[in-house]
Each structure stands twice: as structure tokens, then as C-alpha cells.
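To start, the structure under review is shown below, and the notes come after it.
The values are calculated or read from the model by the stated rules, or taken from the named source; none is laboratory data. Since we're looking at a predicted model, the values are computed, not measured. When we count neighbours, we look across all protein chains shown, and the Cβ atoms used for this are built from the backbone with ideal geometry, even at glycine. Surface accessibility is based on the protein's heavy atoms, side chains included, excluding ligands, DNA and RNA. Shrake-Rupley method; radii C 1.70, N 1.55, O 1.52, S 1.80 Å.
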Amino acid sequence: MIYVTRREVFSASHRIYNPNLSDEENFKIYGKCSNPNGHGHNYTIEVTVAGEINSDTGYLIDLTQLKKIIRENVIDKLDHKNLNLDVEFLRDKIPTAENILIGIWNQLADKIPAGKLYSIKLYETENNYVEYRGE
């Protein structure tokens, strides 16, 4: 088994809050991340595909193709967007790193033409990231 990883970046804003709670309750849970005007991050994602090398090409997956898949299905939908308002696949979700990552997974899981989607890491800051390997 071989693992191939592609890294991409995007910038986005969000407000982490539960609309069913008061501003005070949201601040108690989410702190300054619940600021009514939101805040932003420069995110990094790492998408890893696992599988066997194709003997005809020497690739598991062509990285140019993987880049295009990630950009069309994730980056173009998230970059310079408000995650609470502009992103259909995050609608009605609290845009925590965990929920963003699961949304990204769902955008990519059936789009990988060779091997299978193994894991995705989402770095919200250089010190904090979440990783998902499917359900």
C-alpha cells in the first residue's frame, strides 16, 4: 500500500456559534470565536489517497489530477468565503474544524479515480489541526 498526499491552502472566515443559544451561552462555549462579526483563518488541507501503484504509469494517482479534483470540489467552494453563509455543504452546521473537515471529506470521497481517499487533515492554525479517515 502506498500513500500519496496533496497539500492545498485556502482562506475563509466563520463564526462559531449555535443559533439556538444566546450570545452569552455561545461566548461561554466558544469564547472569542463566537464574535458576532466572525474571524478568519488561513487553512491548510492535506488530502491522502491510498492504494497500489499502476504498473503502466508508475503512479497511484496523478498529482495534477488530484490537485484539480481538490481545487474544483473544495478550494473553489471555500476560498475567500464566509463558511456560515456562502458554503452550501456547510449549511446548517456549526463551522468548527471538525465539521468543515467532514464536509470536505464528503466533497471528495466519491471523486478519487484511483486508490481510495484515506485521510484528510485540516490545519486551522499552525498548532491546531483535525484529521478524518471516513466513517
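If you go through the range 76-86 and keep only what is open to solvent by 10 Å² or more (accessible area, probe 1.4 Å) and of a type in the set (A, V, I, L, M, F, W, C), you end up with just LEU85. All of (1) in a strand (DSSP E or B); (2) at positive phi; (3) not aromatic (Phe, Trp, Tyr) hold for GLY58 with one exception: (1).
Can you tell me which residue within the range 69-86, out of those that are acidic (Asp, Glu) and part of a loop (DSSP other than H, G, I, E, B), is farthest from ASN42 (Cα to Cα)? This residue is ASP86. The condition of being surrounded by fewer than 12 Cβ atoms within 10 Å (Cβ to Cβ), under 21 Å from TYR129 (Cα atoms) and touching a strand residue (DSSP E or B) at 6+ places or on another chain (Cβ under 8 Å) holds for only one of VAL47, VAL4, VAL9, that being VAL9.
Reported count of residues in the range 87-116, each being surrounded by 15 or more Cβ atoms within 10 Å (Cβ to Cβ) and not in a helix (DSSP H, G or I), is 8. For the range 23-35, a residue qualifies if it is in contact (Cβ under 8 Å) with a residue 12 or more places away in the chain and open to solvent by less than 90 Å² (accessible area, probe 1.4 Å), and the qualifying residues are TYR30, CYS33, SER34, ASN35. If I filter the range 22-36 for residues that are touching a helix residue (DSSP H, G or I) at 6+ places or on another chain (Cβ under 6 Å) and within 29 Å of ILE112 (Cβ to Cβ), do I get at least one hit? No, that holds for no residue. The set of residues from the range 117-135 being assigned to a strand (DSSP E or B), of a type in the set (D, E, K, R) and open to solvent by less than 70 Å² (accessible area, probe 1.4 Å) comprises just one member, LYS121.
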